[in-house]
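Remarks on the structure that follows.
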Amino acid sequence: MSVTVKDVRIVAALARLEFSAVEEERLTGELNRILEYMEKLSELDTEHVEPTSHVVPITNAFRDDATIQFPFREDLLASAPQQQDGYFKVPRIIE
């Protein structure tokens, strides 16, 4: 599989980019070199390698999603220019 100048033009049009003829030729060569390098990966024996999404193990430290009553809600609302039903009232920005 190789990239042609036509392929570069199609991708450039999709990305709304414009390249000169010299740049198109350079990008065609660079993309072909990248594909050649990726072909080297197919030479590796990966039969006993488990697929992963990260090189190192990643774990998330989740906490329980529990609601708590904020003790100073009225103090916060006291500084609001406008409030309604216990919430900040702000001007509508979407019509």
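The values are calculated or read from the model by the stated rules, or taken from the named source; none is laboratory data. Values in this document were obtained by computation on a predicted structure and should not be read as measured data. With ideal geometry, Cβ positions are generated from the backbone for all residues, glycine too; neighbour counts draw on all protein chains shown. Keep in mind that these areas ignore ligands, DNA and RNA; they rest on the heavy atoms of the full protein, side chains included. Shrake-Rupley method; radii C 1.70, N 1.55, O 1.52, S 1.80 Å.
Per-residue answers, yes or no, for (1) modelled with pLDDT of 95 or more; (2) in a helix (DSSP H, G or I):
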site: Asp7; (1), (2): yes, yes
site: Ile10; (1), (2): yes, yes
site: Arg16; (1), (2): yes, no
site: Glu23; (1), (2): yes, yes
site: Leu27; (1), (2): yes, yes
site: Glu30; (1), (2): yes, yes
site: Leu35; (1), (2): no, yes
site: Glu39; (1), (2): no, yes
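Please identify the pairs in which a residue from the range 1-16 that is exposed (fewer than 11 other Cβ atoms within 10 Å of the Cβ) has its Cβ atom under 6 Å from the Cβ atom of a residue that is modelled with pLDDT of 95 or more and in a helix (DSSP H, G or I), counting only partners at least 6 apart or on another chain. What qualifies is Ser2/Asn32. For first residues located in the range 68-95 and modelled with pLDDT of 85 or more, partners that are of a type in the set (Val, Ile, Thr) and open to solvent by 100 Å² or more (accessible area, probe 1.4 Å) and lie 6+ apart or on another chain with Cβ distances below 8 Å form the pairs Gln82/Val90.
In the range 18-29, the residues that are within 10 Å of Val3 (Cα to Cα) and surrounded by 13 or more Cβ atoms within 10 Å (Cβ to Cβ) form Cβ pairs under 8 Å with partners that are of a type in the set (S, T, N, Q) and at pLDDT 95 or above, at six or more places apart or across chains, as follows: Thr28/Thr4.
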